[in-house]
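Trainee: Would you mind keeping the following structure in view while I ask a few things?
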Amino acid sequence: MRVDFHGLTFETPEVTFYLWSPWRASALEHRLFNTLAVLPGVQQEKQPDETCLHLRDSKSWRVALQAMSRVLKGWQEEASEAGSEKRSWRWMLEADLDADGYDHAGEPASVWGFLRVSVDRGSPDEPEKGEDIDLNGFGLLIWPQGRA
């Protein structure tokens with residue numbers, strides 16, 4: 001399937017979303033994951049310390065990306081309604097590969113996506129107090145071509 005990730009295009013057999021250590025994940029991470037879990041075409045897999053969602057078609061990917069954006073934009077709007085803080089978010093992409101295109105375990109390289117959220121607090125009278133928070137409990141994996 002072809003995956004368009006905000007202008008980056010990947011050919012992949014599957015995209016997997018992870019919720020690691022659900023008992024420690026934030027409410028935002030749970031909200032993102034639960035939004036994806038109810039989408040059509042998603043297969044869920046539960047393990048003792050993580051839960052995975054597997055997508056295998058482009059249409060489901062587009063719907064999932066749009067659903068995640070809606071959740072994150074809603075999270076931003078919650079702060080603007082209160083007027084006390086400004087929130088933003090961005091995707092952090094990571095790939096681990098050597099000169100031959102394999103990762104540290106000898107598997108074909110894949111791309112990981114993680115979220116970083118920023119919260120800026122302050123009023124016009126005082127300087128801004130910004131904080132970046134990595135959402136370590138939620139992530140996605142864009143699998144390499146040729147995965148069985």
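Trainee: Just one of Trp75, Trp61, Trp89 is of a type in the set (Phe, Trp, Tyr), assigned to a strand (DSSP E or B) and open to solvent by less than 80 Å² (accessible area, probe 1.4 Å); which is it?
Mentor: Being of a type in the set (Phe, Trp, Tyr), assigned to a strand (DSSP E or B) and open to solvent by less than 80 Å² (accessible area, probe 1.4 Å) holds for just one of Trp75, Trp61, Trp89, which is Trp89.
Trainee: Suppose we keep only residues that are within 15 Å of Gly146 (Cα to Cα) and part of a strand (DSSP E or B) within the stretch 95-117. Which one would you say is least open to solvent (accessible area, probe 1.4 Å)?
Mentor: Here the residue is Val111.
Trainee: Now for a different question. Given (1) in contact with a Cys (Cβ under 6 Å, 6 or more places away or on another chain); (2) touching a residue at least 12 places away in the same chain (Cβ under 8 Å); (3) surrounded by fewer than 16 Cβ atoms within 10 Å (Cβ to Cβ), where does Glu11 come up short, assuming only one miss?
Mentor: (1)
Trainee: Please count how many residues of the stretch 1-29 are out of contact with any strand residue (DSSP E or B) (no Cβ under 6 Å at 6 or more places or on another chain) and part of a helix (DSSP H, G or I).
Mentor: So the count comes out to 2.
Trainee: Could you tell me which residue of the stretch 30-58 is farthest from Ser88 (Cα to Cα), considering only residues that are open to solvent by less than 10 Å² (accessible area, probe 1.4 Å) and assigned to a helix (DSSP H, G or I)?
Mentor: Only one residue fits best here, namely Leu36.
The values are calculated or read from the model by the stated rules, or taken from the named source; none is laboratory data. Here the structure is a predicted model, which means the values were calculated and not measured. Cβ: placed from backbone, ideal geometry, glycine included. Neighbour counts: every protein chain shown. SASA here: full protein model, heavy atoms, side chains in, ligands and nucleic acids out. Shrake-Rupley method; radii C 1.70, N 1.55, O 1.52, S 1.80 Å.
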